[in-house]
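The values are calculated or read from the model by the stated rules, or taken from the named source; none is laboratory data. These numbers come from a predicted model, not from an experiment. Note: ideal-geometry Cβ built from the backbone for every residue, glycine included; neighbour counts use all protein chains shown.
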Ligand code: MRU
């Protein structure tokens with residue numbers, strides 16, 4: 001599979017180079033980031049996005065920043081910058097997870113840059129291995145000709161390689177198994193249209209883009225055999241936060257008797273959240289709904305908007321949660337717990 005190197009260090013390792021995901025699919029623009037403010041903004045503005053990719057980015061970002069600290073202030077600045085980056089977006093748990101790993105490495109190694117370089121590389125390498133395993137497990141459910149509906153973007157640029165929710169589809173394509181992918185466009189920021197349909201089409205997959213409000217129709221027409229979605233945080237009982245609109249897809253899938261699977265690495269499971277009620281949901285700017293990316297506003301100036309970036313799908317609607325270790329089935333309080341024993 002062709003891979004897009006969307007998060008990597010510059011040759012001298014002083015900068016982090018990322019593919020600006022806000023410019024896709026029209027322009028491939030790479031940004032070079034060095035300051036804490038630039039790194040913060042890249043997450044906040046979704047130049048880098050997708051839960052695992054945010055974690056990978058945060059690991060490399062802390063390595064870039066760590067090279068700017070003096071010996072005396074090393075640990076205090078490291079902790080301060082990690083807390084600052086952690087405040088950029090609240091929902092994807094991979095961000096705090098990666099920052100905690102880097103902070104622990106900094107503390108245990110006494111601020112050794114080689115140890116930090118190795119740790120951020122390990123976060124990336126582990127994600128590649130996890131996404132490959134998740135894709136294999138997901139693919140084991142599918143057969144030639146199946147239609148798979150996905151929401152938002154959980155592909156290679158949201159992770160490392162293959163992705164999670166669309167990993168099985170890309171892997172099937174590599175192996176000559178023909179599937180049909182349906183992408184919800186994913187309002188308001190169109191990750192499904194701009195990113196998922198772009199990734200799938202580039203890989204040669206039979207890809208159909210639909211507006212979010214068309215999912216019920218394509219399901220009723222028998223075109224969808226499975227729903228595969230990613231996740232930003234999974235609570236201990238299986239409640240799952242993912243891009244806004246995922247919950248609605250799960251309810252529709254239940255109505256039509258279509259299996260609904262969540263795919264994600266174990267780094268996205270947060271056993272400290274007992275249920276979905278404990279997951280913080282990001283609220284974003286009204287202008288993302290009203291005017292962002294339109295030539296002119298699509299709503300009257302000043303109209304009140306509510307823009308939660310994620311929703312929480314109740315565990316009762318989820319047929320299985322696919323991690324690198326296999327497919328967890330209900331009751332999730334037991335099957336998810338077993339992953340960490
Ligand atoms: O706001 P985004 O684009 O970062 O939201 C991303 C999603 O909701 C993805 O589905 C999720 O992070 C999983 S990516 C493998």
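Taken as a whole, the structure leaves residue 273 outside the set of residues that are within 12 Å of the ligand (Cβ to nearest atom) and either closer than 21 Å to residue 340 by Cβ or part of a loop (DSSP other than H, G, I, E, B) (or both). Of the residues making up segment 177-202, those that are within 16 Å of the ligand (Cβ to nearest atom) and outside any helix (DSSP H, G or I) are 181, 182, 183, 184, 185, 186, 187, 188, 189, 190.
Can you say whether residue 43 is in contact (Cβ under 8 Å) with a residue 12 or more places away in the chain, more than 16 Å from the ligand (Cβ to nearest atom) and outside any loop (DSSP other than H, G, I, E, B), as far as the supplied structure shows? Step through it out loud before you land on a result.
Values: in contact (Cβ under 8 Å) with a residue 12 or more places away in the chain: yes; more than 16 Å from the ligand (Cβ to nearest atom): no; outside any loop (DSSP other than H, G, I, E, B): yes.
So residue 43 does not fit the description; no.
Looking across segment 155-176, the residues that are in a loop (DSSP other than H, G, I, E, B) and closer than 16 Å to residue 322 by Cα come down to 155, 159, 162, 163, 164, 165, 166. Residues being over 20 Å from the mean Cα position of the chain (by Cα), in contact (Cβ under 8 Å) with a residue 60 or more places away in the chain, farther than 17 Å from residue 333 by Cβ and more than 16 Å from the ligand (Cβ to nearest atom) are entirely absent from segment 282-304.
Considering segment 3-28, the residues that are at pLDDT 95 or above, part of a loop (DSSP other than H, G, I, E, B) and within 20 Å of the chain's Cα centre (by Cα) include one that is surrounded by the most Cβ atoms within 10 Å (Cβ to Cβ), namely 24. When you check residue 253 against the structure, is it touching a helix residue (DSSP H, G or I) at 6+ places or on another chain (Cβ under 6 Å), away from the ligand (no atom under 12 Å from the Cβ), on the phi < 0 side of the Ramachandran plot and at pLDDT 95 or above, yes or no? Taking the combined requirement at face value, the residue does not satisfy it.
Against the list (1) in contact with a strand residue (DSSP E or B) (Cβ under 7 Å, 6 or more places away or on another chain); (2) within 23 Å of residue 176 (Cβ to Cβ); (3) in a loop (DSSP other than H, G, I, E, B); (4) within 16 Å of the ligand (Cβ to nearest atom), the condition residue 152 fails is (2). The residues of segment 285-328 that are in contact with a helix residue (DSSP H, G or I) (Cβ under 6 Å, 6 or more places away or on another chain) and part of a loop (DSSP other than H, G, I, E, B), listed by number, are 297, 299, 305, 307, 324, 325.
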